[in-house]
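Trainee: Sharing a structure below in structure tokens format, with a few things to ask.
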Amino acid sequence: MPDQALHILRSVFGYDQFRPPQDEVVAHLVAGGDSLVLMPTGGGKSLCYQIPALVRFGTGIVVSPLIALMQDQVAALLQAGVRAAFLNSSQRADESRRVEAQFRAGELDLLYLAPERLLLDRTLEMLDGPPLALFAIDEAHCVSQWGHDFRPEYLQLAVLRERFPGVPRIALTATADERTRAEIVDKLSLTDARLFISSFDRPNIRYRIHEGQGNVREQLLRFIRDEHPGEAGIVYCLSRQKTADLAEWLTEKGVPALPYHAGLSNDVRARHQARFIGEEGLVMVATIAFGMGIDKPNVRFVAHLSLPKSVEAYYQETGRAGRDGLPADAWMSYGLQDVIMLRQMLAESGAGEAHKRVERHKLDAMLGLCELTGCRRQALLAYFGETLPQPCGNCDTCLNPPETWDASVVAQKALSCVHRTGQRFGVMYLVDVLLGKDDERIRRFGHDRISTFGIGAELDAKGWRGVFRQLIARGLLAVDVDGHGGLHLTDACRPVLKGEEPLWLRRESAAPAAKRARAGKAAKSPAARIAAADFSSPEDQELWTALRALRMELARAQNVPPYVIFHDATLAEMVRRRPRTLEELGALSGIGERKLAAFGEQFLALVQAHHA
Ligand code: ADP
Ligand code: ZN
């Protein structure tokens with residue numbers, strides 16, 4: 001059996017080897033066992049059920065929550081020569097009748113269904129007929145009532161076990177936490193299922209987090225222009241208005257961008273999403289409403305212009321970059337305002353106290369990740385209970401270790417100033433007091449006569465704001481709940497305030513311009529990593545562009561996204577290896593027999609035409 005699976009992996013999908021634990025999952029499922037698979041985005045979950053569906057007798061039924069996602073998957077499978085189809089509400093009646101007939105005739109290897117469709121009596125009856133190879137329940141975390149992707153219909157999927165006892169089930173998700181996992185097992189009655197967990201590391205993603213000083217928009221623009229010109233990316237913003245403004249501004253600056261947020265009509269959103277998927281080099285500026293079900297593999301960067309609410313959210317959103325395994329960037333800029341605003345939003349929310357406490361811890365963990373001086377990836381993985389023994393070498397703190405400085409005295413001054421002014425003023429006011437500013441308000445409150453007035457000459461206003469941000473982030477200061485941004489001391493600050501404990505803080509980047517110049521030389525950007533490392537010559541670059549153009553032409557003709565024809569990684573291999581025969585071409589990763597037959601000649605001719 002495993003031999004057959006490996007043969008299918010090679011001949012149909014064009015890949016050489018399974019990525020662990022794919023091989024084990026496939027063997028277990030082929031043998032008829034139930035399983036729960038936890039794998040990060042881009043880990044390769046789809047093959048875990050697609051290949052067993054081809055090996056086992058009958059049709060594999062895939063439950064998938066999003067129409068766009070199933071359409072993409074089916075399109076990709078058809079290109080690979082797999083007999084796949086979907087049934088969903090976007091279809092015309094005659095189309096679904098045709099698919100049903102195919103299924104009844106045993107002509108489908110894989111049938112994709114939305115859960116609500118599957119649960120219709122009519123559908124369940126249909127499934128009673130022909131032999132079924134397996135049930136795959138994709139995005140299985142949708143059963144979780146606590147997660148933000150909750151789908152009530154998922155709860156009813158437990159019916160599959162009773163109704164089709166002999167058919168093995170596999171549930172898959174990229175959501176890693178214990179509680180969700182337990183809920184999936186419980187709600188889908190997967191108590192006997194074998195659990196497969198792979199590492200959640202995404203080594204190709206470079207994590208970069210910095211305090212947004214100065215003009216964040218300009219920094220983003222420079223980042224895209226310098227490192228990802230002409231490439232696809234997602235920029236996350238907090239508000240709808242910002243999203244719309246930024247998309248317009250980027251477009252004006254020559255970076256084609258579209259907005260996506262809950263305030264746009266369904267129609268506009270669907271159109272923007274379709275363009276993002278179907279075109280190359282488009283940037284989506286979005287609120288968190290955008291993302292689930294985007295399996296565009298060559299999203300080269302995800303940028304955050306504000307702080308995510310939790311490490312889970314950060315991980316999930318950044319995880320949309322680089323699904324194809326090629327270098328990608330997770331770039332984030334955040335500031336004092338974000339911290340204060342998120343803390344306030346939390347305090348003002350109508351949630352119960354216990355819930356708020358959980359959310360507060362989550363936000364604190366996210367801030368901790370931002371202010372970290374060690375390896376980001378080690379901390380990120382540790383958060384999910386995984387240990388990375390060595391610093392990763394592919395995050396900003398590894399590439400440019402931040403300097404730290406003994407901020408004990410400075411912190412004492414800041415904390416003491418909060419204390420002496422009565423624990424009710426915001427950062428701006430406190431900084432003014434520390435700097436001894438001549439200000440009517442300060443005089444009115446008599447704060448020009450307290451001991452901390454004017455004792456902060458060692459830092460400028462920006463420096464002091466950085467110190468306050470870090471003190472808040474570390475929980476030594478807390479933001480008031482009333483919405484005015486007043487700060488008060490926490491218990492955690494006592495040892496520092498009393499001078500019993502030293503405090504080391506990150507040194508804030510002094511002159512952003514100078515730092516960038518250094519960073520630019522030290523670390524190759526992902527674009528440079530693809531373009532320069534692999535395509536050092538203009539000829540290579542030219543061939544790459546030509547291959548992408550051919551791919552786009554073929555994709556347009558068939559009305560599918562370009563990556564359904566070939567992935568970037570496969571085109572890059574063509575440039576690097578310069579295959580001379582169809583056989584050599586077919587040996588490249590990602591080219592199965594069907595694709596070789598369909599597109600081989602055209603791509604080969606193009607490679608040949610570019611032979612120097
Ligand atoms: P997930 O659903 O876990 O996010 P996918 O199933 O979409 O991930 O796979 C991510 C990418 O990895 C796809 O481009 C897929 O073709 C590729 N991939 C999966 N398994 C392998 C493998 N064994 N060898 C090479 N590429 C693979
Ligand atoms: Zn690192």
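The values are calculated or read from the model by the stated rules, or taken from the named source; none is laboratory data. This is a predicted model, so every value here is computed, not measured. Note that we place each Cβ from the backbone using ideal geometry, even for glycine, and neighbour counts take in every protein chain shown. Ligands, DNA and RNA are excluded from the accessible area calculation, which covers all protein heavy atoms including side chains. Shrake-Rupley method; radii C 1.70, N 1.55, O 1.52, S 1.80 Å.
Trainee: Ordered by packing density, taken as the mean number of other Cβ atoms within 10 Å over each peptide's residues, highest first, how do 470-477, 299-306 rank? Mind dumping the intermediate values first?
Mentor: On the way: 470-477: 22.1, 299-306: 24.4.
My ranking of the peptides, most packed first, is 299-306, 470-477.
Trainee: Still on this model: By how many degrees, 0 to 90 and rounded to 10, does the Cα axis of helix 216-227 deviate from the longest principal axis of the chain?
Mentor: On a 0 to 90 degree scale, this one is about 40.
Trainee: Same structure again: Mind ranking 150, 86, 566 by accessible surface for me, highest first, 1.4 Å probe? Walk me through the numbers before you get to the answer.
Mentor: Values: 150 70, 86 35, 566 5 Å².
Final ranking, largest accessible area leading: 150, 86, 566.
Trainee: Along the Cα→Cβ direction, 7 angstrom out, place labels at residue 445 and residue 218. What is the inter-label distance in nm?
Mentor: Taking the two extended label points, one gets 3.2 nm.
Trainee: Hey, another quick one. Among 249, 265, 207, pick out the residue whose Cα is farthest towards the positive end of the charge dipole of the range 207-280, where Lys and Arg carry +1 and Asp and Glu carry -1 on C-beta, about the Cα centre.
Mentor: Working it through, the farthest residue towards the positive pole turns out to be 265.
Trainee: Suppose all protein chains stay in the model; what accessible area per residue would a 1.4 Å probe give for the range 1-121, in Å²? Each step should come with its number before you reach the end.
Mentor: On the way: 4730 Å² over 121 residues.
Per residue, the range 1-121 has an accessible area of 39 Å².
Trainee: Given charges of +1 on the Cβ of Lys and Arg and -1 on the Cβ of Asp and Glu, with all other atoms neutral, how large is the dipole of the chain about its Cα centre, in debye to the nearest 20?
Mentor: Magnitude of the dipole: close to 1060 debye.
Trainee: Next up: Relative to the present Cα-Cα distance, how much length would full extension add between residue 153 and residue 355 at 0.36 nm per residue of separation?
Mentor: Details: separation 202, 0.36 × 202 = 72.72 nm, distance 2.52 nm.
Here the answer is 70.2 nm.
Trainee: A 27 angstrom limit on the alpha carbon distance is what I want to check against. Which of 242/309; 242/462; 362/437; 253/309 exceed it?
Mentor: From 242/309; 242/462; 362/437; 253/309, over 27 Å: 362/437; 253/309.
Trainee: If you don't mind, another one. Going by average Cβ density within 10 Å per residue, which order do the peptides 48-56, 457-465, 337-345 take, highest to lowest? Walk me through the numbers on the way to the answer.
Mentor: Numbers: 48-56: 24.9, 457-465: 15.3, 337-345: 18.9.
By packing density, highest mean first, the sequence is 48-56, 337-345, 457-465.
Trainee: Continuing with this model, one more query. May I ask for the net charge around residue 428, where only other residues with Cβ less than 11 Å from the Cβ of residue 428 are counted and Lys, Arg are +1 while Asp, Glu are -1?
Mentor: Values: positive: 437, 441, 465; negative: 432, 439.
For residues surrounding residue 428, the net value is +1.
Trainee: Another one. How far is helix 178-187 tilted, in degrees, relative to the longest principal axis of the Cα atoms in the chain, given as a value from 0 to 90 rounded to the nearest 10?
Mentor: Approximately 40 degrees, to the nearest 10.
Trainee: A further question follows. Mind ordering 205-213, 3-11 by average Cβ neighbours within 10 Å, highest first?
Mentor: On the way: 205-213: 22.3, 3-11: 15.9.
Ranked from most to least packed, the peptides come out as 205-213, 3-11.
Trainee: Relative to a virtual label point 7 Å from the Cα of residue 581 in the Cα→beta-carbon direction, which members of the range 1-39 show backbone nitrogen distances below 11 Å?
Mentor: Zone members listed by number: none at all.
Trainee: If each residue of separation counts as 0.36 nm, what is the full-extension length gain between residue 488 and residue 457 once their alpha-carbon separation is subtracted? Show your work: numbers first, answer last.
Mentor: Working: separation 31, 0.36 × 31 = 11.16 nm, distance 2.27 nm.
Once the chain is fully extended between residue 488 and residue 457, it gains 8.9 nm.
Trainee: Just the number please: accessible area per residue for the range 535-609, 1.4 Å probe, all protein chains included, in Å². Walk me through the numbers before you get to the answer.
Mentor: Working: 3540 Å² over 75 residues.
Heavy-atom accessible area per residue stands at 47 Å².
Trainee: Taking the Cα centre of each part, how many Å lie between the range 65-113 and the range 591-609?
Mentor: The distance from the Cα centre of the range 65-113 to that of the range 591-609 comes to 26 Å.
Trainee: Quick one: angle between helix 266-278 and the longest Cα principal axis of the chain, in degrees between 0 and 90, rounded to 10, please.
Mentor: Helix 266-278 sits roughly 70 degrees off the main axis of the chain.
Trainee: Please give the FRET efficiency for residue 553 paired with residue 186, using the beta carbon to beta carbon distance and R0 = 60 Å, rounded to the nearest 0.05.
Mentor: On the way: r = 49 Å, r/R0 = 0.82.
With R0 = 60 Å, the Cβ-Cβ based efficiency is 0.75.
Trainee: Summarise the accessible area of the range 3-197 (1.4 Å probe, protein heavy atoms) by the percent that is carbon and sulfur. Present the calculation step by step, with values, prior to reporting the outcome.
Mentor: Numbers: 3990 of 7930 Å².
With neighbouring chains kept in place, the figure for the range 3-197 is 50 percent.
Trainee: Further, regarding this structure: Charges at C-beta only: +1 for Lys and Arg, -1 for Asp and Glu. How large is the resulting dipole of the range 3-197 about its Cα centre, in Debye rounded to 20?
Mentor: Working: 19 positive and 25 negative charges, 45 e Å.
Roughly 220 debye for the range 3-197.
Trainee: Out of the total accessible area of the range 534-612 (probe 1.4 Å, heavy atoms of protein only), what percent is carbon and sulfur?
Mentor: Values: 1910 of 3850 Å².
C and S atoms contribute 50 percent here.
Trainee: Ok, one more. Need one word for the range 3-197: rounded, prolate or oblate. Basis is the Cα gyration tensor (sqrt eigenvalues a ≥ b ≥ c); a/c below 1.5 gives rounded, then a/b vs b/c decides.
Mentor: Numbers: a/c = 1.44, a/b = 1.05, b/c = 1.36.
Rounded shape, in that the Cα axes give a/c under 1.5.
Trainee: Sort out for me the Cα centre separation of the range 273-319 from the range 548-579, rounded to whole Å.
Mentor: Between the Cα centre of the range 273-319 and that of the range 548-579, the gap is 22 Å.
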